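Trainee: Before anything else, here's the structure in question.
What follows is calculated from the coordinates using simple rules that are stated; it is not laboratory data. All of these numbers come straight from a predicted model, not from anything done at the bench. Please note: Cβ atoms are built from the backbone with ideal geometry, for glycine as well, and neighbour counts cover all protein chains shown.
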Amino acid sequence: MTVRRALRSRDLQIAFETLAIEGGLLSPEWLARIAQRSAPAQSEADYRVPKGLALRDEIGRYWRIAQAHHRDFASGRVAGADPKRLAESFVPGLLSEAFGFTSLSAAPPIQLAGRTYPIGFAAQGGRVPVVVAPAGSGLDTLAPAFGDGARRRSPFGLAQEFLNAEEGALWGIATDGATLRILRDNASLTRPSWIEADLERIFQEERYADFGPTLACTARRSVGPLWPATADQSRNGTSGHACLPKTHDRRPAGGKKEGGDTHCTHRRLNRRRQWCPVTNDVSAGFTSP
């Protein structure tokens, strides 16, 4: 069973018990706006939902797909299946079929500046590392399997170190099947920063209301991006691309930033092509406001 750290007071502002925010990656208030569909550009057309269908219908479809994958995962844990094999079977199926990571595939250990990063899986041509830990083992437990020689790492630590070291990667995922954590290259941050979903509770307690925001944070298809943008806008870097740093820097009348402080400069983000979980596409870079 995954041991979850106690939520801080700022996390309690989120209306969803299975979602937690650590650090300044995204504000609870902004996530709540996304879940309520009260943020800008959240119509069916913005999400590229086919005519005749509603966004809630598409979310419902992916909910059922995800439920089916989780039933097999939960059954395997009850039956005492090998935790590593179980997670490495469940996670790719969930991410590819319910969250749209159709390019997800196994990845060999990567060598960067004399260090080894056994990330295990990657999507978008290696731009999105996906570190999969044994089922229910947690994301902060040190283990040789995620280390570099004699140096052990946690699954989260491996994903974070790889993002910090690899110039072509900005966002990544670490998960043990029970918990899913989205993280970002944050070498300039003073503390860890992530968005975390308790998948175990979402599916076991049938928290459909929490699945929508989870899909919004994680999905790599037109259904569910936090701030949708067309594929052409994202790839060409044109305006109308309301992704995370731009939204964070958008100041309302009161002068306070929405979405919190990203602790990251536009200059660095603009020079790389990335998958962005909040635009749900490969982006030509975050645009300045």
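Trainee: For region 119-179, what is the charge dipole size about the Cα centre, in debye to the nearest 20, if Lys and Arg each add +1 at the Cβ and Asp and Glu each add -1 at the Cβ? Mind dumping the intermediate values first?
Mentor: Values: 4 positive and 6 negative charges, 20 e Å.
It comes to approximately 100 debye.
Trainee: Which peptide among 152-158, 199-205 comes first, and what is the full order, when sorted by highest mean count of other Cβ atoms within 10 Å?
Mentor: Numbers: 152-158: 22.4, 199-205: 19.6.
Going from most to least packed, we get 152-158, 199-205.
Trainee: I would also like to ask the following. With a bin width of 5 angstrom, please list the P(r) values of region 46-187 as percents of all Cα-Cα pairs, from the 0 bin to the one holding the largest distance.
Mentor: It works out to 2, 10, 18, 20, 19, 13, 9, 5, 3, 1, 0, 0, in whole percents.
Trainee: Okay, next question. For region 69-152, what percent of Cα pairs sit more than 15 Å apart? Can you show the working numbers first?
Mentor: Values: 2156 of 3486 pairs.
The share of Cα pairs beyond 15 Å in region 69-152 comes to 62 percent.
Trainee: Could you work out how far apart the two model spin labels at Asn164 and Arg48 are, taking each label as a point 7 Å from the Cα in the direction of the beta carbon, and quote it in nm?
Mentor: Using points 7 Å along Cα→Cβ, the separation is 3.4 nm.
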